[in-house]
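No lab work stands behind these numbers, since they all come straight from the coordinates. Bear in mind that the values here come from a model prediction, so they are computed numbers and not experimental data. Glycine also receives a Cβ, built like all others from the backbone with ideal geometry; neighbour counts cover every protein chain displayed.
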Amino acid sequence: MVVASIKTVNPEKVLILGANGMLGHALQGVFPEAVLRGHELDITDEEAVYACIADLVPDVVINAAAYTDVDGCEDHVGIASAVNGEGPGYIARACRDAGAVFVHYSTDYIFDGSREEYVESDLPNPVNAYGRSKLLGEQRIIREMKNYRIIRTSWLFGRYGRNFVDTIRDLSTRMDQVKVVHDQFGKPTYTVDLAEKTADLISCESGIYHITNDGSCSWYEFAQAFIGNAVPCSSAEFPRKAVRPRFSVLSNTKTTPLRHWREALSDYLQGDT
Ligand SMILES: NC(=O)c1ccc[n+]([C@@H]2O[C@H](COP(=O)([O-])OP(=O)(O)OC[C@H]3O[C@@H](n4cnc5c(N)ncnc54)[C@H](OP(=O)(O)O)[C@@H]3O)[C@@H](O)[C@H]2O)c1
């Protein structure tokens, strides 16, 4: 089903949830007249979510709220499941009743990493609690409504959030060498590019989309692009609480690709937005 283009959607009828997160901020730039809700609207509060959407009757709801601490999810499975799993289901139900398009973000970590690349129709098999909670969110949305855009993305960097680029740059100024894993592969994605593409997807068919910047790399190769003192190490040398998939390269087979991550990174580092 094709819905009205974003150009015909009243800009004041766009509601952004999780508006104060990293992606939420980039979305504010693309939808400057949108109604914004930060954490004060707790998406695990079913009644509050329903009341908000029933009251505003938006044309489009974009949910950038999530519990994104991948290691933290291992210790707080209940919170992860509530925020990343049940919450999106509550929003979906309210969107269905209000007649709104629902745009939601999921993750490369719903895949197990046993294949070098994943298309939209590949079978998810998450290997950590974060991935399981995000997959639950996808399932809840699909169960509740028809007019959704589930956008799986990966390795986000952008302003107003803790991200790999800022963390590694900071370490690089304080350490002689920064060890970075060379055996996990994905696609870095600039929040600004993802937010702009989100606007396009509103006028596309309902369904699941893989949206990342173009080009894949290891975390080590990514770090090498912006610091001079990165040294490669294996995942075994750098144990984390949550297991990460070896490959989480999302292949976009449905829409035009975004620009290469190196170009997007260059804009980010120059501080153009
Ligand atoms: N970051 C990545 O590398 C990455 C990769 C793949 C997919 N994604 C997905 O992309 C989306 C955006 O990620 P992001 O990096 O922008 O996340 P983020 O910076 O962590 O922002 C998430 C926002 O959600 C809010 N939030 C948390 N729990 C909430 C609740 N119960 N109710 C309402 N708001 C709540 C947070 O508020 P507080 O700060 O106050 O808790 C924060 O403002 C998420 O769906 C994420 O799963 C991210």
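Bridge orientation summary for region 138-273: considering DSSP beta bridges with both residues in this region, about 15 percent are antiparallel.
Based on the Kirkwood radius over alpha-carbon pairs, what value in µm²/s does the Stokes-Einstein equation return for the translational diffusion coefficient of region 79-217 at 25 °C and 0.890 mPa s?
Details: Rh = 16.4 Å.
Diffusion coefficient, whole number: 150 µm²/s.
Which percentage, to the nearest 5, of the DSSP beta bridges contained in the chain is antiparallel?
Values: 2 of 32 bridges.
Here the share of antiparallel DSSP bridges comes out near 5 percent.
Divided by 2.2 N^0.38 Å, where N counts the residues, the Cα radius of gyration of region 1-148 comes to 1.04. Packing, taken as the mean count of other beta carbons within 10 Å per residue, orders the peptides 95-102, 38-45 from highest to lowest as 95-102, 38-45.
If the limit is 31 Å between Cα atoms, which of Lys13/Lys134; Lys197/Lys241; Lys13/Lys146 go over it?
Working: Lys13/Lys134 26 Å; Lys197/Lys241 33 Å; Lys13/Lys146 20 Å.
From the list (Lys13/Lys134; Lys197/Lys241; Lys13/Lys146), the Cα-Cα distance tops 31 Å for Lys197/Lys241.
The length gained by stretching the chain between Glu40 and Arg143 to full extension, at 0.36 nm per residue less their Cα-Cα distance, is 34.4 nm. For His260, the residues 5 or more places off, or on other chains, whose built amide H falls under 5 Å of its own are Asp214. Here the gap between Ser203 and Thr256, fully extended at 0.36 nm per residue and compared with their Cα-Cα distance, gives a gain of 17.7 nm. Using a Gaussian network model of the chain in which every pair of alpha carbons under 10 angstrom is joined by a spring, one finds that among Gly18, Gly161, Gly137 the greatest mean-square fluctuation is at Gly161. Between Lys241 and Ala48, the modelled label-to-label distance comes to 2.4 nm, taking each label 7 Å out from Cα in the direction of the beta carbon.
Count the net charge of all other residues whose Cβ sits under 15 Å from the Cβ of His260, scoring Lys and Arg as +1 and Asp and Glu as -1. All intermediate terms of the calculation are to be shown ahead of the outcome.
Details: positive: Lys187, Lys197, Arg259, Arg262; negative: Asp193, Asp214, Glu221, Glu263, Asp267.
With Lys, Arg at +1 and Asp, Glu at -1, the net is -1.
Would you mind estimating how fast the chain diffuses translationally, via Stokes-Einstein at 37 °C and 0.692 mPa s with the Kirkwood radius over Cα pairs, in µm²/s? Approximately 174 µm²/s, per Stokes-Einstein. When its C-alpha radius of gyration is set against 2.2 N^0.38 Å (N residues), region 119-196 gives a value of 1.42.
Under the definition of Cα pairs under 8 Å and six or more residues apart, what whole-number percent is the relative contact order of region 1-96?
About 32 percent, as a whole number.
Between Arg246, Arg143, Arg132, the residue with the greatest mean-square fluctuation in the GNM of the chain (Cα pairs under 10 Å linked by springs) is Arg143. Taking Lys and Arg as +1 and Asp and Glu as -1, the other residues whose beta-carbon sits under 14 Å from that of Lys241 total -2.
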